[in-house]
Amino acid sequence: MLNKLVFEYYDRVDSTNDRIKARAHAGAEEGLVITADVQTAGKGRVGRSWKNPTGVSIATSALIKPTDIPIESVPTITTVAGMAVRAAIADVTGLEASIKWPNDVVIGGKKICGILTEMEMQGKAVWYAVCGIGINVHNKDFAPDIAFKATSIDIEMEKCRQEGATNLPDAVHRQDITEAVWRYFSRYYNLFLQTGDLSHLREEYEAHLANKGCKVRVEDPAGPYEAICLGITDRGELIVETDGMKKIISTGEVSVRGIYGYV
Ligand code: BTN
């Protein structure tokens with residue numbers, strides 16, 4: 001169970017994930033959260049780098065010790081974290097975010113955060129995991145290669161204001177979002193730990209699943225096809241229907257997009 005969160009804030013680190021790993025090796029307890037104003041060597045998925053300009057975005061990582069779950073369940077922690085980011089953004093900013101399967105948090109059809117979960121084993125069991133989250137908050141623009149699919153909280157709040165929304169806060173603070181993310185994470189993670197899967201979280205996940213009930217394009221290496229997105233299994237696989245038949249899609253096997261764009 002994740003019961004206690006201890007927040008540490010730094011001006012500058014290499015990578016908040018790497019700082020958590022170092023502290024895990026030095027004996028830190030579960031629930032340590034390290035957040036930095038800027039990362040000099042932020043890491044993304046599949047060996048990519050992750051840029052977060054000073055004072056603009058959130059880079060935050062937590063130490064967790066899911067020692068009783070099977071290793072195969074560890075990647076699902078990324079999905080749990082995606083749910084926490086969505087809920088925290090809705091709570092703190094009032095923005096309606098959704099989840100693009102499996103764990104991209106999107107607003108207005110664009111991605112607002114990145115999540116990298118890493119783990120270390122001791123023998124055959126999980127020793128600890130680090131869940132690292134980067135959220136675009138005050139970013140005004142993005143590099144041309146990602147501009148089509150990236151957005152920030154400030155950009156989306158401004159869009160809502162221009163569309164007439166009057167109930168949004170004047171400004172958002174990164175620390176409020178960070179702490180809300182990890183509070184929601186604790187709640188969802190403890191439910192996840194009870195079963196090692198999403199059975200207690202599936203309903204909430206599906207309530208915010210982008211494209212649920214809509215047509216999606218499944219980029220299967222064996223050939224792309226169109227299908228209706230129905231929901232997820234307890235293990236977090238996507239359930240789609242194509243030609244009257246249900247298909248189960250595993251993370252990493254294929255990517256799924258809406259018919260008209262990134263989401
Ligand atoms: C992705 O490629 O989408 C995942 C990006 C994860 C970035 C976050 S920022 C905080 C934490 N520290 C890192 O070095 N990476 C993660």
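The values are calculated or read from the model by the stated rules, or taken from the named source; none is laboratory data. Since we're looking at a predicted model, the values are computed, not measured. Cβ coordinates were reconstructed from backbone atoms using ideal geometry, including for glycine residues, and neighbour counts include every protein chain displayed.
Data overview
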item	result
Subset of the stretch 120-141 that is in a strand (DSSP E or B) and away from the ligand (no atom under 14 Å from the Cβ) - its residue that is surrounded by the fewest Cβ atoms within 10 Å (Cβ to Cβ)	Gln122
Flag if Asn52 is within 13 Å of the ligand (Cβ to nearest atom), assigned to a loop (DSSP other than H, G, I, E, B) and in contact (Cβ under 8 Å) with a residue 60 or more places away in the chain	yes
Qualifying position, being farther than 22 Å from Asn52 by Cβ, acidic (Asp, Glu) and without any contact (Cβ under 8 Å) to a residue 40 or more places away in the chain, among Glu120, Glu96, Glu158	Glu96
Met83 of a type in the set (A, V, I, L, M, F, W, C), farther than 19 Å from Tyr184 by Cα and more than 10 Å from the ligand (Cβ to nearest atom)	no
Unmet criterion (only one of (1) more than 9 Å from the ligand (Cβ to nearest atom); (2) among the hydroxyl-bearing types (Ser, Thr, Tyr); (3) surrounded by 21 or more Cβ atoms within 10 Å (Cβ to Cβ)) for Thr16	(1)
Counted residues, the stretch 206-242 - those being in a loop (DSSP other than H, G, I, E, B), closer than 22 Å to Lys111 by Cβ and touching an Asp or Glu at 6+ places or on another chain (Cβ under 7 Å)	1
Test for Pro66: is it more than 11 Å from the ligand (Cβ to nearest atom), at pLDDT 95 or above and outside any strand (DSSP E or B)	yes
Hits in the stretch 22-50 (condition: among the charged types (D, E, K, R) and under 16 Å from the mean Cα position of the chain (by Cα))	Lys43, Arg45
Residues satisfying the stated conditions in the stretch 55-73, i.e. of a type outside the set (Gly, Ala, Ser) and either surrounded by 12 or more Cβ atoms within 10 Å (Cβ to Cβ) or in contact (Cβ under 8 Å) with a residue 24 or more places away in the chain (or both)	Val56, Ile58, Thr60, Leu63, Ile64, Lys65, Pro66, Thr67, Asp68, Ile69, Pro70, Ile71
Count of the stretch 19-36 residues which are out of contact with any helix residue (DSSP H, G or I) (no Cβ under 6 Å at 6 or more places or on another chain), of a type in the set (Gly, Ala, Ser) and buried (at least 20 other Cβ atoms within 10 Å of the Cβ)	1
Leading residue by the ranking (farthest from Gly94 (Cα to Cα)) among those in the stretch 167-191 that are in a helix (DSSP H, G or I) and among the acidic types (Asp, Glu)	Glu179
Some residue of the stretch 152-169 being among the polar types (S, T, N, Q) and under 22 Å from Asn103 (Cα atoms)	yes
Odd one out for Leu95 among (1) in a helix (DSSP H, G or I); (2) more than 11 Å from the chain's Cα centre (by Cα); (3) aliphatic (A, V, I, L, M)	(1)
